[in-house]
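Contents: one structure, followed by commentary.
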Amino acid sequence: MTTRTLHFKIYRYDPDQDRKPYLQDISVEVDSNDRKLLDALVKLKAKDDSIAFRRSCREGVCGSDAMNINGKNGLACLTDLASFPEGKPIVLRPLPGLPVIRDLIVDMTQFFKQYHSIKPYLINDDPPPERERLQSPEEREELNGLYECILCACCSTSCPSFWWNPDKFVGPAGLLAAYRFIADTRDQATNERLDNLEDPYRLFRCHTIMNCVDVCPKGLNPTKAIGKIKAMMVQRAI
Amino acid sequence: MVKRNLVGAHYGLKDWLAQRITAVIMASYTLIMALALLSGAGGSFERWRALMSAGPMRLATFVFIVSLCWHAWVGVRDIWMDYVKPTGLRLALHVLTLIALIGYAGWAMQILWRL
């Protein structure tokens with residue numbers, strides 16, 4: 001079995017012990033069974049169990065192991081080890097813009113606050129029918145590319161508008177979810193949802209720089225969804 | 001005053017739309033200007049003055065300057081909103097920006113109508 005040594009620079013910060021964060025140099029042997037960055041991180045954790053990071057499903061569904069990998073946000077469990085160039089250290093930092101709890105673990109409170117602010121659930125006051133609320137295949141089609149979001153926060157934490165105004169700008173993840181319910185024909189709160197976003201901060205801090213699209217590990221396009229929300233607002237206003 | 005997170009000023013769409021519309025106007029004016037220059041309107045002072053003092057061109061330049069100032073207002077205000085957090089200071093900067101932009105527009109009109 002061929003082995004290879006990977007060199008890492010990992011952001012370390014334990015607020016109980018460290019006065020300020022630092023980058024730790026550490027290396028680990030991986031073999032051909034280790035395919036993803038998360039595999040290497042698990043081995044690193046066995047070597048130095050003080051390194052803290054979140055992980056759960058290890059297959060890109062839970063969104064726990066989002067981090068900044070060589071300057072770009074992504075999921076460790078979906079990042080191929082083969083994609084890293086030989087000899088160069090892999091630099092791992094926590095997601096930017098959120099408070100660090102420890103090492104690669106960030107406090108996601110603000111992110112989820114914004115997500116909850118768009119009421120991410122179906123609002124329909126009609127009594128539920130016997131079986132289900134029906135949609136045509138075309139109506140259902142519109143939800144593709146929206147419902148798949150795993151809320152890993154890669155997009156929102158790569159967005160400068162979210163860095164400057166995390167308390168006011170909903171961020172790409174929240175806005176993608178907002179459009180998911182605005183676009184849903186079973187939802188009856190479209191107007192209230194648009195009212196909720198018609199503000200210079202909540203939606204219009206998006207200046208379409210598309211960092212969110214660049215990093216989304218699920219290949220989703222929040223910018224497109226944001227554009228559709230803006231188009232609906234224009235349609236409503238004129 | 002209690003510290004609450006205040007959002008919900010309903011002018012987001014209006015300003016966003018204004019920025020797009022003024023951008024289209026400015027792009028069109030740039031095109032007109034480029035065509036005029038290519039056809040030799042900038043060759044001498046007399047020809048330049050003839051171009052800029054003609055009625056339709058004066059109207060186009062007027063619309064362009066108003067668009068420019070409006071566009072700049074939305075953009076500069078966005079910068080203040082991102083980086084300046086204290087309300088009093090931000091309001092003062094907004095007012096100064098408005099005064100400067102209105103001043104520039106007036107000054108440009110003066111130059112334009114003096115030709």
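The values are calculated or read from the model by the stated rules, or taken from the named source; none is laboratory data. In this text the structure is predicted, and so the values were computed from the model without any measurement. So basically every Cβ, Gly included, is an ideal-geometry build from the backbone, and we count neighbours across all protein chains shown.
The set of residues in the stretch A:190-209 being more than 11 Å from chain B (Cβ to nearest Cβ) and either acidic (Asp, Glu) or crowded, with 17+ Cβ neighbours inside 10 Å (or both) consists of A:Glu192, A:Arg193.
Screening B:Pro56 on (1) at pLDDT below 95; (2) within 30 Å of A:Ser161 (Cα to Cα) shows it passes everything except condition (2). Just checking, does the stretch B:64-79 include any residue being in contact with an Asp or Glu (Cβ under 6 Å, 6 or more places away or on another chain) and in a helix (DSSP H, G or I)? Within the stretch B:64-79, one or more residues are in contact with an Asp or Glu (Cβ under 6 Å, 6 or more places away or on another chain) and in a helix (DSSP H, G or I). Scan the stretch A:1-29 for residues that are part of a strand (DSSP E or B) and surrounded by fewer than 19 Cβ atoms within 10 Å (Cβ to Cβ) and the total you get is 13.
Tell me yes or no: at least one residue of the stretch B:4-19 is in contact with a Phe, Trp or Tyr (Cβ under 6 Å, 6 or more places away or on another chain), away from every other protein chain (no Cβ under 14 Å) and either among the aliphatic types (A, V, I, L, M) or farther than 24 Å from A:Ala231 by Cα (or both). No, the stretch B:4-19 contains no residue that is in contact with a Phe, Trp or Tyr (Cβ under 6 Å, 6 or more places away or on another chain), away from every other protein chain (no Cβ under 14 Å) and either among the aliphatic types (A, V, I, L, M) or farther than 24 Å from A:Ala231 by Cα (or both). In the stretch A:215-238, which residues are free of Cβ contacts under 8 Å to residues at least 40 places away in the same chain and either touching a Gly at 6+ places or on another chain (Cβ under 7 Å) or within 14 Å of another protein chain (Cβ to nearest Cβ) (or both)? Within the stretch A:215-238, A:Gly227, A:Lys230, A:Ala231, A:Met233, A:Val234, A:Gln235, A:Ala237, A:Ile238 qualify. The residues of the stretch A:78-90 that are in contact with a Pro (Cβ under 9 Å, 6 or more places away or on another chain) and either assigned to a helix (DSSP H, G or I) or under 14 Å from A:Leu44 (Cα atoms) (or both) amount to a single one, A:Leu78.
Scanning the stretch A:216-230 for residues being in contact with a helix residue (DSSP H, G or I) (Cβ under 6 Å, 6 or more places away or on another chain), surrounded by fewer than 21 Cβ atoms within 10 Å (Cβ to Cβ) and within 12 Å of A:Cys154 (Cα to Cα) gives a total of 1.
Among the residues of the stretch A:141-164, are any surrounded by fewer than 16 Cβ atoms within 10 Å (Cβ to Cβ), aromatic (Phe, Trp, Tyr) and under 28 Å from A:Asp125 (Cα atoms)? Scanning the stretch A:141-164, I find at least one residue that is surrounded by fewer than 16 Cβ atoms within 10 Å (Cβ to Cβ), aromatic (Phe, Trp, Tyr) and under 28 Å from A:Asp125 (Cα atoms), so the answer is yes.
Would you be able to say whether some residue in the stretch B:42-51 is at pLDDT below 95 and in contact with a Lys or Arg (Cβ under 7 Å, 6 or more places away or on another chain)?
Within the stretch B:42-51, not a single residue is at pLDDT below 95 and in contact with a Lys or Arg (Cβ under 7 Å, 6 or more places away or on another chain).
Filtering B:Ala108, B:Ala100, B:Ala23 for residues that are in contact with a helix residue (DSSP H, G or I) (Cβ under 6 Å, 6 or more places away or on another chain) and surrounded by 11 or more Cβ atoms within 10 Å (Cβ to Cβ) leaves a single hit, B:Ala108.
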